[in-house]
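Asks: Have a look at this one before I ask anything.
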Amino acid sequence: MSGRQSAALPLVGRDGWIEGVTRVESPNHDGRPDGVPISLIVIHSISLPPGQFGGKAVLDLFTNRLDPEAHPYFVGICNLRVSAHFLIARDGSLIQLVSCLERAWHAGVSSWNGQARCNDFSLGIEVEGCDDTPFDDRQYASLSGLIDALRRSYPIRAIVGHSDVAPGRKTDPGPRFDWQRLGAFGLLPGNVRDRPAPCPIAAEPGEG
Ligand SMILES: [Zn+2]
């Protein structure tokens with residue numbers, strides 16, 4: 001799975017998948033509302049068990065195969081139905097789980113720029129990591145390439161963290177995520193800092 005991200009990624013295909021990227025399909029998605037452009041990228045971080053890297057638990061969670069007996073922490077989350085469009089592992093490996101045309105279940109109760117239900121109009125990228133460990137250089141390289149491909153494919157207006165669209169409720173990608181590394185895209189950090197207040201809305205399907 002490694003190495004692929006060093007070359008420029010192709011545009012997202014008409015089916016919403018990026019050719020050449022490893023696929024591990026998640027069933028946790030449904031249709032986007034009609035006529036809503038894909039305009040936002042939401043960056044998340046996750047590690048399972050928390051603080052441990054490199055295992056298969058994250059993919060197991062996103063494919064509803066997490067074994068609750070494998071770790072005490074998994075008991076409380078194994079029934080969640082969550083996903084993201086992409087996962088970037090510590091070594092920079094990129095995996096696509098959900099077609100970009102579909103609505104992945106990553107942001108949960110959220111809003112951006114006065115628009116609630118960010119899952120409707122966003123792409124979710126999970127970066128394997130946690131709050132107290134720096135992310136890997138290979139992850140930034142992979143993420144930058146992915147964002148470039150997504151921006152060439154869709155009218156992306158901003159790139160934000162989960163904590164920006166669900167403030168007070170979510171903290172990922174966390175304090176060790178270096179937004180300045182993405183600053184070359186010209187969308188950061190202004191859009192992050194200028195985020196509007198969240199809308200009070202009802203709960204919606206799961207999140208990562
Ligand atoms: Zn998140």
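What follows is calculated from the coordinates using simple rules that are stated; it is not laboratory data. In this text, all values refer to a predicted model and were calculated from it rather than measured experimentally. Please note: Cβ atoms are built from the backbone with ideal geometry, for glycine as well, and neighbour counts cover all protein chains shown.
Asks: Counting other Cβ atoms within 10 Å, keep those with at most 16, restrict to DSSP loop, and tell me which trypsin sites (Lys or Arg not before Pro) in region 85-139 are left.
Replies: Values: sites: ARG90, ARG103, ARG117, ARG138; in loops: ARG90, ARG117.
In loop regions of region 85-139 (DSSP not H, G, I, E or B), the sparsely surrounded trypsin sites (Lys or Arg not before Pro) are ARG90.
Asks: Still on this structure, I have one more. Of the beta bridges DSSP finds with both residues in region 60-175, what % are antiparallel, to the nearest 5? Intermediate values should be presented prior to the final figure.
Replies: Values: 5 of 8 bridges.
Approximately 60 percent, going by the DSSP bridge assignments.
Asks: Using each residue's phi in region 154-170, evaluate 6.51 cos²θ - 1.76 cosθ + 1.60 at θ = phi - 60° and report the 3J(HN,Hα) Karplus result to the nearest Hz, with x for Gly and Pro.
Replies: 9, x, 5, 9, 7, 10, 9, x, 4, 5, 7, 9, 9, x, x, 10, 10
Asks: If I stretch the segment between ARG14 and ASP132 completely, what's the gain in nm (0.36 nm per residue apart, minus their alpha carbon distance), one decimal?
Replies: Numbers: separation 118, 0.36 × 118 = 42.48 nm, distance 3.84 nm.
Taking 0.36 nm per residue and subtracting the Cα distance, the gain is 38.6 nm.
Asks: Using amide H atoms built 1.01 Å from N in the peptide plane, name the residues 5+ places from ALA158, or on other chains, whose amide H lies under 5 Å from its own.
Replies: Long-range HN contacts for ALA158: ILE41.
Asks: Rounded if a/c is under 1.5, else prolate if a/b is larger than b/c, else oblate: which is region 1-136, with a ≥ b ≥ c the root eigenvalues of its Cα gyration tensor? Kindly include the intermediate steps, with their values, before the conclusion.
Replies: Details: a/c = 1.62, a/b = 1.22, b/c = 1.32.
Here region 1-136 falls in the oblate category.
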